[in-house]
Amino acid sequence: MLSAVKRYKLLLSGALARCFPRTSAYVQSEEDLVLRRWPSAADGKGATAKKNAKQVVKRPGKQPGRVSAKKTGRAPKQQTSESEKTAKPKSRSRQASDGIYGPAKMPVEDSQVQAMRLRVGRAVEAGVIAAPSEEQWKMILNDSPVTRIFAGAGSGKSTTLVLRVVFMLCHMDIAPERLTVISFTNASCAQLRDQLVRVLSFWNFDFDPASAKHCVRTFHSAMAVLAKEVLGKPVWFEQLDEKGALATELDNPLMGSRLRPAQQRLLKQAYEECYAQVEAFRGLVHELLQLPQPEQVSGKQVLKAPLDAFKVAGEFTPMPLFEAFYAQAGFIESIGIRIDQMQPARMDCAPRERAFVEALILFWKHFQALLASRGLTTFNSAFQTLTQRLATADLSVRSDVLAPFSHLLIDEFQDVSPQIVQWLQASHRALARQGEGVSLMAIGDDWQSIYGWRGSSPELFMDFDKYFPGRGASKKSQVLMLETNYRSIEPIIRDGEAVLSGVAFKQAKVSKAARPTQQGDHGVKLVTRFDVKARLPDLIKAIQAQCEYVACRPDADRNAVLVLSRRNEPLRAIEAQLDKKLPVKTYTIHRAKGLQAEVAIIVDDCLPAERHPLRNALYAYSGFFRNSYDQAMADENLRLAYVAITRGVSRVVWYTQKPQGATRLLADRGKAG
């Protein structure tokens with residue numbers, strides 16, 4: 001029967017290819033989709049891979065680990081758009097059906113638990129740590145090989161994570177060489193390392209700063225260590241012109257700055273070479289820049305590539321085409337798409353966006369060739385290569401090289417991207433194939449996911465069991481909740497939760513305030529019709545008044561006032577007028593994540609994001625997301641407001657022109673003053 005169906009599909013695809021060449025790719029075989037999105041489906045190569053692909057077709061049904069709409073507030077099924085339907089290929093659930101973890105629990109004995117509780121009690125008495133709560137103890141002593149922890153704002157997850165590592169090293173006897181903690185940035189890694197060294201010293205465990213450096217890494221740093229062994233000490237394009245850069249100490253590029261001159265020169269060179277050599281690329285460039293089509297090349301005529309600025313719809317500023325290609329290519333690869341395997345005809349988008357993708361593919365081929373000629377590679381390329389080699393059981397990847405990834409504890413999991421998910425999955429599948437025991441503890445908070453513009457998505461944390469399934473009957477991870485907020489008073493917590501009411505798909509939880517509300521404390525006070533430029537002196541006076549309030553408070557937080565905004569421009573204006581002696585720190589909201597202060601002052605107008613048709617099409621094409629990119633960004637704006645509000649301990653004040661987005665939701669609660 002299968003062979004008859006296959007013959008029919010081939011006949012149909014051939015007919016459509018002749019009659020409708022632009023749409024024929026939509027009937028491409030299911031096996032191709034499996035191999036393109038999930039390289040590990042090709043483990044057996046050739047006939048075996050095809051056999052496996054056919055076998056998974058036979059197993060339709062409910063995907064494991066799906067979160068119910070009732071529990072999460074997910075939009076009803078009848079509201080699913082066509083783009084959302086196309087964004088959920090069967091290949092994802094089929095690949096996830098092969099369990100990785102368990103089914104046996106991690107070996108934790110009563111004597112180990114009692115010893116840990118006793119030692120923690122002594123550490124509390126000595127002032128080394130604070131006493132863990134019962135919900136924190138569940139995370140510390142957990143015996144599940146795959147665990148997902150929803151850790152709300154101010155829940156003390158960092159200290160709890162440190163104690164979990166202490167339990168694994170000192171009481172479960174897991175070797176440090178087989179354990180890696182992943183944190184989001186080099187700065188957060190440094191904090192965790194310091195905590196680990198300090199706390200482990202109380203346990204008399206031999207763990208110096210060098211050991212901590214090997215144990216705690218960013219995703220990119222962990223990848224770089226593996227790449228050094230497997231790919232032959234790559235030199236990174238992202239580190240060109242970066243002073244003091246170390247090839248294995250990579251920070252998260254989400255925190256990166258603009259392109260440096262050496263990077264711009266290479267991108268421009270690839271663009272000019274592609275323009276000179278590829279006629280189709282020249283035509284697409286002129287189409288995108290709305291220039292007359294180029295004349296035919298004759299003899300040794302030298303073609304000068306146009307350097308006009310180009311603005312991708314949905315982006316903030318125009319830029320040269322080669323920079324636009326690079327920016328969007330980074331996003332494309334981050335959401336798990338290989339550019340060299342893209343099929344623009346399969347994308348549901350307007351001709352302008354399709355032309356951009358077609359041009360990007362041609363440019364990217366030249367750019368990669370130029371990098372190779374210089375002995376360079378990109379972070380994304382290394383992730384892709386490592387994932388492919390791990391997924392295809394490459395024997396050159398030794399088990400001792402993978403050993404540090406046996407037991408993974410990952411913080412801020414809500415901000416991972418599909419590319420990271422593919423790499424993690426391939427790494428643990430490779431270890432499992434070698435008979436190694438693996439465990440994964442993912443700690444995050446979907447309410448604080450704020451890096452979707454770089455390819456991350458809280459959907460990957462919410463749908464965790466699809467990508468990291470256990471073995472056995474349930475295939476599901478153990479889910480723990482850290483719901484007690486030790487930072488903010490209850491009015492601030494409730495105002496923060498209120499702005500998330502517009503986010504349909506989220507984990508249902510209610511934070512509990514551990515800190516009592518005192519006289520003078522308040523939740524968000526919304527100051528509307530406030531023009532920062534025109535009324536900057538008034539804002540400076542208000543900041544000074546809050547500093548005076550904190551100075552009179554006997555139990556005030558060590559950080560007095562945080563001034564937050566989505567943009568750097570108002571922060572620079574405020575910094576220029578502030579007395580440098582005032583205990584005030586200014587941060588963008590993205591960089592303030594993890595920080596707190598007695599008073600949080602937010603200066604933001606909550607401007608809605610511009611529609612992004614290209615990324616909407618890429619979201620659907622990737623097969624990872626139920627939302628459109630535009631909806632994801634609208635939700636992210638509300639989560640960004642939540643992050644800003646929950647930086648405050650006893651007071652939050654928000655200055656804005658007019659209520660919209662998050663401030664509209666606050667105004668509806670009667671917060672406008």
Per-region count, region 167-183, residues touching a Leu at 6+ places or on another chain (Cβ under 8 Å) and in contact (Cβ under 8 Å) with a residue 60 or more places away in the chain: 6
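For residues that are assigned to a helix (DSSP H, G or I) and in contact with a strand residue (DSSP E or B) (Cβ under 7 Å, 6 or more places away or on another chain), tally how many sit in region 373-387. Give the derivation first.
Filtering region 373-387 for residues assigned to a helix (DSSP H, G or I) gives 373, 379-387.
Restricting the remaining residues to those that are in contact with a strand residue (DSSP E or B) (Cβ under 7 Å, 6 or more places away or on another chain) gives 379.
So the count comes out to 1.
A quick yes/no check of all residues on (1) assigned to a helix (DSSP H, G or I); (2) over 25 Å from PHE468 (Cα atoms); (3) more than 30 Å from the chain's Cα centre (by Cα); (4) touching a residue at least 12 places away in the same chain (Cβ under 8 Å):
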| site | (1), (2), (3), (4) |
| --- | --- |
| ALA115 | yes, yes, yes, yes |
| PRO132 | no, yes, no, yes |
| SER144 | no, no, no, yes |
| THR147 | no, no, no, yes |
| SER158 | yes, no, no, yes |
| LEU161 | yes, no, no, yes |
| VAL165 | yes, no, no, yes |
Residue match in region 369-376 (condition: over 20 Å from LEU618 (Cα atoms) and of a type in the set (S, T, N, Q)): yes
Selected residue (criterion: surrounded by the most Cβ atoms within 10 Å (Cβ to Cβ)) from residues of region 434-488 that are charged (D, E, K, R) and over 30 Å from VAL524 (Cβ atoms): ASP463
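Taking the options ALA324, ALA313, name whichever one is modelled with pLDDT of 95 or more, of a type in the set (A, V, I, L, M) and part of a helix (DSSP H, G or I).
On the way: ALA313 fails: part of a helix (DSSP H, G or I).
Just a single option satisfies the conditions, and that option is ALA324.
Looking at region 277-285, is at least one residue under 27 Å from TYR451 (Cβ atoms), of a type outside the set (Val, Ile, Thr) and either in a helix (DSSP H, G or I) or in contact with a Ser or Thr (Cβ under 8 Å, 6 or more places away or on another chain) (or both)? Steps first, answer last, please.
Narrowing region 277-285 to residues under 27 Å from TYR451 (Cβ atoms): none.
Looking for residues that are under 27 Å from TYR451 (Cβ atoms), of a type outside the set (Val, Ile, Thr) and either in a helix (DSSP H, G or I) or in contact with a Ser or Thr (Cβ under 8 Å, 6 or more places away or on another chain) (or both), one finds none in region 277-285, hence no.
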Qualifying positions in region 519-552 - farther than 16 Å from LEU582 by Cα and among the aromatic types (Phe, Trp, Tyr): PHE530
Odd one out for GLN269, checked against (1) closer than 15 Å to PHE325 by Cβ; (2) more than 32 Å from the chain's Cα centre (by Cα); (3) in a helix (DSSP H, G or I): (2)
Filtered residue count, region 551-573, keeping only those that are among the small types (Gly, Ala, Ser) and part of a helix (DSSP H, G or I): 2
Flag for ALA372 being farther than 30 Å from LEU169 by Cα, surrounded by fewer than 18 Cβ atoms within 10 Å (Cβ to Cβ) and not assigned by TED's automatic domain parsing to the domain that holds LEU192: yes
Residues (at pLDDT 95 or above, of a type in the set (A, V, I, L, M, F, W, C) and not in a helix (DSSP H, G or I)) located in region 101-113: MET106, VAL108
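So if I check each of LEU638, LEU595, which one is modelled with pLDDT under 95, within 22 Å of the chain's Cα centre (by Cα) and under 22 Å from LYS512 (Cα atoms)? Spell out the reasoning first.
On the way: LEU638 fails: modelled with pLDDT under 95.
Sole residue among the options that is modelled with pLDDT under 95, within 22 Å of the chain's Cα centre (by Cα) and under 22 Å from LYS512 (Cα atoms): LEU595.
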Sole exception among (1) farther than 22 Å from SER488 by Cβ; (2) surrounded by fewer than 22 Cβ atoms within 10 Å (Cβ to Cβ); (3) among the polar types (S, T, N, Q) for THR147, by number: (2)
Residues located in region 176-212, provided they are under 18 Å from PHE405 (Cβ atoms) and outside any helix (DSSP H, G or I): LEU179, THR180, VAL181, ILE182, SER183, PHE184
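Name the one entry in ALA442, ALA355, ALA382 that is of a type in the set (A, V, I, L, M), at pLDDT 95 or above and closer than 24 Å to VAL235 by Cβ.
Working: ALA442 fails: closer than 24 Å to VAL235 by Cβ; ALA355 fails: closer than 24 Å to VAL235 by Cβ.
The match here is ALA382.
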Residue that is modelled with the lowest pLDDT, among those in region 507-531 that are of a type in the set (A, V, I, L, M) and touching a Lys or Arg at 6+ places or on another chain (Cβ under 8 Å): ALA508
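Residues checked against (1) under 28 Å from LYS466 (Cβ atoms); (2) touching a residue at least 60 places away in the same chain (Cβ under 8 Å); (3) not small (Gly, Ala, Ser):
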position	(1), (2), (3)
ALA592	no, no, no
GLU598	no, no, yes
TYR642	yes, yes, yes
ARG651	no, yes, yes
GLY670	no, no, no
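Can you tell which of ILE602, ILE543 is crowded, with 20+ Cβ neighbours inside 10 Å and either closer than 30 Å to SER456 by Cα or of a type in the set (Phe, Trp, Tyr) (or both)?
Working: ILE543 fails: either closer than 30 Å to SER456 by Cα or of a type in the set (Phe, Trp, Tyr) (or both).
Just a single option satisfies the conditions, and that option is ILE602.
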ALA634 vs. criteria surrounded by fewer than 20 Cβ atoms within 10 Å (Cβ to Cβ) and hydrophobic (A, V, I, L, M, F, W, C): yes
Which numbered condition GLY232 misses (of (1) closer than 18 Å to PHE383 by Cβ; (2) modelled with pLDDT of 65 or more; (3) surrounded by 15 or more Cβ atoms within 10 Å (Cβ to Cβ)): (3)
Test: residue in region 569-592 that is of a type in the set (Phe, Trp, Tyr), modelled with pLDDT of 95 or more and more than 28 Å from GLY154 (Cβ to Cβ): no
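Yes/no matrix, rows are residues, columns are (1) of a type in the set (D, E, K, R); (2) touching a residue at least 40 places away in the same chain (Cβ under 8 Å):
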| site | (1), (2) |
| --- | --- |
| THR586 | no, no |
| LEU595 | no, yes |
| ASP604 | yes, yes |
| ALA609 | no, yes |
| HIS612 | no, yes |
| LEU618 | no, yes |
| TYR621 | no, yes |
| GLN631 | no, no |
Residue that is nearest to ALA175 (Cα to Cα), among those in region 388-411 that are of a type in the set (S, T, N, Q) and in a loop (DSSP other than H, G, I, E, B): SER406
Meets criteria (surrounded by fewer than 22 Cβ atoms within 10 Å (Cβ to Cβ) and under 21 Å from the mean Cα position of the chain (by Cα)) for LEU408: yes
Residue check, ALA556 farther than 30 Å from ASN627 by Cβ and either out of contact with any strand residue (DSSP E or B) (no Cβ under 8 Å at 6 or more places or on another chain) or at pLDDT 95 or above (or both): no
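Filter the helices (runs of 4 or more DSSP H) completely within region 439-550 down to those with at least 2 residues that are among the small types (Gly, Ala, Ser). Outline the logic, then answer.
Numbers: elements: 459-462, 464-467, 490-498.
Fully inside region 439-550 and qualifying: 490-498.
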Residue in region 290-306 that is part of a helix (DSSP H, G or I), in contact with an Asp or Glu (Cβ under 9 Å, 6 or more places away or on another chain) and without any contact (Cβ under 8 Å) to a residue 60 or more places away in the chain present: no
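Could you list, in sequence order, the residues of region 489-519 that are among the hydroxyl-bearing types (Ser, Thr, Tyr) and either crowded, with 17+ Cβ neighbours inside 10 Å or touching a Pro at 6+ places or on another chain (Cβ under 8 Å) (or both)?
Kept after step one, since they are among the hydroxyl-bearing types (Ser, Thr, Tyr), are these residues of region 489-519: 501, 511, 517.
Listed by number, the residues that qualify are SER511, THR517.
The values are calculated or read from the model by the stated rules, or taken from the named source; none is laboratory data. The shown structure was predicted, so the numbers you read here are calculated from the model rather than taken from an experiment. Cβ atoms come from the backbone with ideal geometry, glycine included; neighbour counts cover every protein chain shown.
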